[in-house]
Amino acid sequence: MAKTIAEINEKIKKGKVVVVTAEEVIDIAEKKGIKKASQDIDVVTTATFGPMCSSGAYINIGHSKPAIKLGGGKTYLNDVPVYGGFAAADIFIGATALPDDDPRNKIHPGEFKYGGGHLIEDLAAGKDIKLVATAYGTDCYPRKKLETWINIKDINEAVLFNPRNACQNYNVAVNVSDKIIYTYMGILKPKLGNANYCTTSQLSPLINDPYYKTIGIGTRIFLGGGVGYVVWNGTQHNPNVPRTEGGVPKTPAGTIAVVGDLKKMSPEWLRGTSITGYGVNLTVGMGIPIPILNEEILRYTTVKDEEIYAPIVDYSNSESNILGEINYAQLKSGKIEVRGKNVSTASLSSYAKAKEIAGILKEWINSGNFLLGESVQLLPSVGSNISLKPLKKRPV
Amino acid sequence: MQKRRVVLTFPYKLIDQPITSYLVKNYDVIVNILRARINPKEEGRLMIEVSGKEENLDKGIEYLKELGVKIQSLAQDIRWIEDRCIQCTACSSLCPTGAIEVDREKMTIAFNKEKCIACGLCIPACSYKAIEILF
Ligand code: SF4
Ligand code: SF4
């Protein structure tokens, strides 16, 4: 019998809901069968914890006396340049922004000790942040320079807003060249010296709802230790890719844009990230509940590591040659074979921490504090008129 | 038989002297050099594992100290800061000795100091400053 989200929410309020994690559901469904499991289970929690470049936060710092208009001027928080091209007091912090005097890759590989991601972590941690702003001054906003400390508890709003997160599957990165390379997929040793991957596979949100049948605009989620929402598909969302029989994309595919109150988040689940030779980033903790509305949706959540495939991609040249594909059970074993060579694997996202998040979200739902959000519009799925467009360069 | 891993820092004036040979000959210990960094005209650093009878090890180390060699036990040199670690495992595949062990069931790492030769290869692999070296 099919269930509705409203019915599941009633069960949550009455304390009668049955919630399991995307890892636990695998065994349960094996024992009970899909049909029985889909009747018994109401919610499956999924999660991920990994670097997500396209992240940021906007804040409103309030008006000083005399007032300054940040828009059109220049603003720095802890020396990190932030975007003030809005009105007078709104600022957007990008996760990959770097202080002007960061040495970057001048001595290669650069260390990238502090940037936007660390700034967001420090804000969430309640640390004082140094603000330095200059503006051109107007009759209504006469102040031209402002230097002060700000703290998340004193400012009007602080909102995490990530345009692209939780990518549905990702590449396994290797390096066939004969020199070491430093990439956003970590350090890759020459001649297939190692292989790095970056999803939480059978726990990962969009892998458990491969056709976006429940996750959409309005889905309530665990975001950075607080509550957030899916607000749109993420940038570069591309459902039209090769998929396994079970529907799981075999390459990067869907993504989501998410938002949530940064004031209620925790530095434990929002971590500034320094990627050697590449730059800074924000590692985001995210958990998404999947309402088990019917057998089909339950079946998707039973997907396991050996059924999820990722392409092995050579990152040593811009062609991104695909050398093969491999499943996550093999990746998680620590060794894979590429071109006849034994290659050690490592992950950039944390399966262990994702499991913790799936458990926390399960607790929140069980305790009646977290109701499921009904999505008002689902994400574009297979067959929608979407393709990933490269940038065509035109003469200026 | 006892084993000790130590980092020796010796001043410029001692660099060209066969200190390790004396150590082997006069104190009956086995010296295994794990890592060496010697900059001419500066100071030298040597990471060694010495094994032998406890009293001989003590005497050997005393001899080095008298010569003006600074001695640090190796365990202090690499620090894994568990609080900062997100358990991603990114560092594990760069470790040449298997000192970073992955529990494949839980997908967590454990740092085994015994196996660590303080080569420092894992440090740039960690994006969360969870491994520190003092070498
Ligand atoms: S310092 Fe070297 S040996 Fe020690 S844990 Fe790191 S990579 Fe392994
Ligand atoms: S790379 Fe850093 S965060 Fe990841 S497992 Fe190793 S020590 Fe922990």
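In table form, for the structure just shown:
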| item | result |
| --- | --- |
| Environment charge at A:Tyr136 (Cβ cut-off 15 Å; Lys +1, Arg +1, Asp -1, Glu -1) | +4 |
| Lysines with Cα under 17 Å of A:Lys127, excluding same-chain neighbours fewer than 8 positions away | A:Lys153, A:Lys263, A:Lys264 |
| Anisotropy class of the stretch A:337-396 from Cα gyration tensor, a/c 1.5 cut | oblate |
| Lone cysteines, chain B (no partner Cβ under 4.7 Å) | B:Cys85, B:Cys88, B:Cys95, B:Cys116, B:Cys119, B:Cys126 |
| Three-way shape call for chain A based on the alpha-carbon gyration tensor, with the a/c threshold at 1.5 | oblate |
| Entries of A:Lys36/A:Lys304; A:Lys65/A:Lys130; A:Lys113/B:Lys115 with Cα pairs more than 23 Å apart | A:Lys113/B:Lys115 |
| Three semi-axes of the equivalent ellipsoid, the stretch A:122-279, Cα gyration tensor, whole Å, largest first | 36, 24, 15 |
| Gyration tensor verdict on the stretch A:250-396 (Cα atoms; rounded if a/c is under 1.5, prolate if a/b is larger than b/c, oblate otherwise) | rounded |
| Restricting the stretch B:29-99 to GluC sites (Glu not before Pro) in coil, as DSSP defines it, with at most 13 other Cβ within 10 Å | B:Glu42 |
| Inter-label distance for A:Val382 and B:Glu132, nm, one decimal - labels placed 7 Å from Cα along Cα-to-Cβ | 5.1 nm |
| Among A:Asp122, A:Asp102, A:Asp27, residue whose mean-square fluctuation peaks in a GNM of chain A (springs only between Cα atoms under 10 Å) | A:Asp27 |
| Max mean-square fluctuation residue, GNM over chain A, Cα-Cα springs under 10 Å, options A:Thr244, A:Thr46, A:Thr75 | A:Thr244 |
| Sites A:Glu363 and A:Ser318, calculated FRET efficiency, Cβ-Cβ separation with R0 45 Å, nearest 0.05 | 0.50 |
| Rounded accessible area of A:His63 (nearest 10 Å², 1.4 Å probe) | 120 Å² |
| Most to least accessible of B:Phe111, A:Phe112 (protein chains only, probe 1.4 Å) | B:Phe111, A:Phe112 |
| FRET E, pair A:Asn156, B:Met1, Förster distance 60 Å, beta-carbon r, rounded to 0.05 | 0.30 |
| Net charge, B:Glu132 excluded, C-beta distance under 15 Å - Lys, Arg +1, Asp, Glu -1 | +1 |
| Separation between Cα centres of the stretch A:115-169 and the stretch A:290-317, rounded to whole Å | 37 Å |
| With at most 10 other Cβ atoms within 10 Å, longest stretch of chain A clear of loop GluC sites (Glu not before Pro) (DSSP) | A:1-244 |
| Whole-number accessible area per residue in Å² for the stretch A:56-159, which is evaluated in the context of all protein chains at 1.4 Å | 51 Å² |
| Nearest-0.05 FRET efficiency for A:Asp101 and A:Lys179, computed from C-beta distance (R0 35 Å) | 0.75 |
| Formal net charge of residues neighbouring A:Lys179 (Cβ-Cβ distance under 10 Å; K, R +1; D, E -1) | +1 |
| Gap separating the Cα centres of the stretch A:321-396 and the stretch B:70-135, nearest whole Å | 26 Å |
| Loop-resident sites, the stretch B:30-62, for trypsin sites (Lys or Arg not before Pro), counting at most 14 other Cβ within 10 Å (DSSP) | B:Lys41, B:Lys53 |
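The values are calculated or read from the model by the stated rules, or taken from the named source; none is laboratory data. Since the structure is predicted, the reported quantities are computational estimates derived from the model, not experimental observations. Here Cβ is always computed from backbone atoms with ideal geometry, including for glycine, and neighbour counts include all displayed protein chains. The protein model used for the area step is the full one, side chains on, heavy atoms only, and it has no ligands, DNA or RNA in it. Shrake-Rupley method; radii C 1.70, N 1.55, O 1.52, S 1.80 Å.
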